[in-house]
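Written below as structure tokens is the structure these notes are about.
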Ligand code: TXA
Ligand code: MG
């Protein structure tokens with residue numbers, strides 16, 4: 001039978017051992033102090049009481065830690081990091097657990113997803129911005145009809161205030177609450193919405209200044225509206241039951257995010273909630289269309305997820321009288337508008353866009369060079385590149401290439417002090433894969449700390465048009481090469 005003081009003393013030694021880091025050695029100074037106290041405890045009840053309390057305290061601490069370990073994955077973080085991490089949450093949403101009834105009301109079968117959506121919806125209603133997935137890219141959403149909520153978008157992104165926002169709706173009914181009563185829907189819009197909504201098509205509508213705050217339209221007479229098809233985006237908008245303004249969820253000027261991780265890396269600390277619904281399907285932003293001009297023509301202000309070919313086909317199939325089929329014009333390809341180009345309303349015109357930290361060089365491999373430009377041989381171009389940028393240092397080049405193109409199948413030269421980091425953009429004949437991978441490619445290579453990114457041109461048909469639109473804006477230099 002041990003005396004009480006011996007039991008307490010041994011208990012204390014056990015707790016000290018458990019509370020120390022592996023290999024669980026007790027600090028000798030502590031141990032000798034406790035031995036001395038234990039000796040005193042033989043003679044004094046109050047010292048015994050103090051030691052017993054110390055034992056209870058240490059045991060409670062250990063139990064608390066075990067509980068934290070079991071329930072809190074953030075236990076290894078410092079207190080400050082823990083506050084940061086729990087306050088700025090990435091919340092999982094399973095898109096396959098969400099369905100919609102015929103009125104657009106969402107049904108969510110996963111409790112976790114419902115919780116995440118509810119937290120995000122509460123933030124939106126409290127006028128806080130929230131990042132969420134759409135089928136195109138991740139959006140940074142805020143209530144569109146509340147100026148102060150919408151203004152947060154500009155501060156989080158560092159977005160210039162004269163660049164208007166797209167308003168997202170979850171149903172045709174919600175769209176109609178935004179339109180002026182006098183507005184008559186053009187037949188072209190009816191056809192395009194029937195075919196592409198919900199989806200990656202943004203349409204310009206006349207803006208009713210009594211409904212749409214001027215911060216959304218940047219004082220333009222029009223407002224850009226789309227109905228996203230991503231279940232998480234639609235469900236979130238339906239839950240708040242109000243239109244949500246959302247630009248891409250990246251700092252202004254950077255490539256758009258296509259995963260929750262891209263958003264976290266860029267904007268973490270500036271947001272309460274990032275909903276993670278997996279990688280975006282389309283990977284490029286929506287196509288922005290203006291069909292409001294008097295001539296009835298369809299003007300593509302920004303090529304995007306819905307191809308010009310698909311828009312043309314929809315109009316041709318839907319309009320019986322061939323004379324009435326509107327022409328589809330792509331800005332900068334089919335028409336120029338100097339005044340428009342100076343204005344920030346034309347997507348990606350006035351401001352720097354899609355640029356990672358590393359400079360991007362566009363490699364033209366199939367298009368004919370402009371007059372007086374002599375293409376370089378691929379091999380010699382690649383060998384000389386290091387000398388052009390950092391002759392005396394180690395250089396990492398990121399290379400975005402198509403899997404089966406001539407450049408993509410080329411063995412890159414071994415050059416002293418050069419590392420080639422390759423990221424594949426999919427096969428030549430499937431631009432939808434390239435669209436899905438482009439922004440991830442730029443962001444991944446940037447994350448890997450490359451000094452320069454080389455990117456191969458793609459053919460400008462279907463998604464290729466939107467891809468090259470983004471690549472041209474990302475690139476600070478264009479070079480022509482031959483094989
Ligand atoms: O796919 C998308 O469109 C994504 C997702 C989140 O929905 N959003 C997006 O938003 O790309 P943002 O802000 O990054 O690009 C929207 C572009 C802007 O560049 C702006 O110039 C143009 O749409 N825009 C907005 N309102 C406009 C208007 N009234 N007239 C002309 N262009 C407008
Ligand atoms: Mg953007």
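Under the classification rounded if a/c is under 1.5, otherwise prolate if a/b is larger than b/c and oblate if not, where does the chain fall, given a ≥ b ≥ c as square roots of the Cα gyration tensor eigenvalues?
Working: a/c = 3.11, a/b = 1.64, b/c = 1.89.
Note, shape of the chain comes out oblate.
Rounded to the nearest 0.05, what FRET efficiency do residue 430 and residue 147 have when you use their Cβ-Cβ distance and R0 = 56 Å? Before the final figure, lay out the partial values.
Numbers: r = 43 Å, r/R0 = 0.77.
Given R0 = 56 Å and the Cβ-Cβ separation, E is 0.85.
Compute the helix-to-body angle for 463-474: its Cα long axis versus the longest principal axis of the chain, expressed 0 to 90° and rounded to tens.
70 degrees
Return the calculated 222 nm mean residue ellipticity for the chain, to the nearest 500 deg cm²/dmol, obtained by summing -39500 (n - 2.57) across DSSP H runs with n ≥ 4 and dividing by the residue count. Mind dumping the intermediate values first?
On the way: 17 runs with 194 residues, N = 483.
Helix-only estimate at 222 nm: -12500 deg cm²/dmol.
Can you sort 103, 461 by how many other beta carbons sit within 10 Å, fewest first? Write down the numbers at each step before the final one.
Values: 103 8, 461 11.
Listing 103, 461 from fewest to most nearby Cβ atoms yields 103, 461.
Of all beta bridges DSSP finds with both residues in the range 112-232, what is the antiparallel percent, to the nearest 5?
Working: 7 of 10 bridges.
Percentage antiparallel, nearest 5: 70.
One-quarter of the Cα convex hull surface for the range 234-305, in nm²? Before the final figure, lay out each step's value.
On the way: hull surface 26.3 nm².
If you wrap the Cα atoms of the range 234-305 in a convex hull and average its projections, you get 6.6 nm².
Please compute the modelled spin-label separation between residue 447 and residue 53, points set 7 Å along Cα→Cβ, answer in nm with one decimal.
5.1 nm
For the range 229-300 and the range 451-481, write down the distance between their C-alpha centroids in whole Å.
Using only Cα atoms, the two centres lie 22 Å from each other.
Using the count of nearby Cβ atoms within 10 Å as a rough guide to exposure, how do 429, 334 rank from fewest to most? Present the calculation step by step, with values, prior to reporting the outcome.
Values: 429 9, 334 13.
So the residues, fewest neighbours to most, are 429, 334.
Give the percent of DSSP beta bridges with both residues in the chain that are antiparallel, rounded to the nearest 5.
If we restrict to bridges inside the chain, about 35 percent are antiparallel.
In degrees, nearest 10, range 0 to 90: what is the angle between the Cα axis of helix 111-125 and the longest Cα principal axis of the chain?
Taking Cα atoms only, the helix is inclined about 70 degrees.
Just want the ordering: 462, 377, from fewest to most Cβ atoms lying within 10 Å of their own Cβ.
377, 462
Taking a ≥ b ≥ c as the square roots of the eigenvalues of the Cα gyration tensor of the range 95-224, is the shape rounded (a/c under 1.5), prolate (a/b larger than b/c) or oblate?
Values: a/c = 1.90, a/b = 1.14, b/c = 1.67.
Oblate, because a/c is 1.5 or more while a/b does not exceed b/c.
Remind me, relative contact order of the chain in percent, using alpha carbon pairs under 8 angstrom and six or more residues apart? Walk me through the intermediate numbers first.
Details: 892 pairs, mean separation 69.2, N = 483.
In percent, rounded to a whole number, it is 14.
With angles folded into 0 to 90 degrees, how steeply does helix 378-389 sit against the dominant principal axis of the chain? Use alpha carbons for both and round to 10.
Here the helix axis deviates by roughly 60 degrees.
How would the range 350-391 be classified by its alpha-carbon gyration tensor: rounded, prolate or oblate, with rounded meaning a/c under 1.5 and the a/b versus b/c comparison settling the rest? List each step's numbers first, then the result.
Values: a/c = 2.44, a/b = 1.18, b/c = 2.06.
The shape class here is oblate.
Along Cα→Cβ, 7 Å out, is where each label goes; now give me the distance between the ones at residue 323 and residue 107 in nm to one decimal.
With each label point 7 Å from Cα toward Cβ, the separation is 5.0 nm.
What FRET efficiency would be calculated for the residue pair residue 6, residue 115, taking the C-beta separation as r and a Förster radius of 45 Å, to the nearest 0.05?
Working: r = 51 Å, r/R0 = 1.13.
The pair residue 6/residue 115 has a calculated efficiency of 0.30.
Take residue 222 and residue 336, extend 7 Å from each Cα along the Cα→Cβ direction, and tell me the distance between the two endpoints in nm.
2.1 nm
Multiply the residue separation of residue 316 and residue 388 by 0.36 nm, subtract the distance between their alpha-carbon atoms, and state the gained length in nm to one decimal. Please report the intermediate quantities before stating the final value.
Details: separation 72, 0.36 × 72 = 25.92 nm, distance 5.05 nm.
Computed gain between residue 316 and residue 388 is 20.9 nm.
Every read-out reported here was derived from the displayed coordinates using simple, explicitly stated rules and does not represent laboratory data. Every value quoted in this text rests on a predicted model; they were computed, and no experiment measured them. Reconstructed Cβ throughout: ideal geometry from the backbone, glycine too, with neighbour counts over all protein chains shown.
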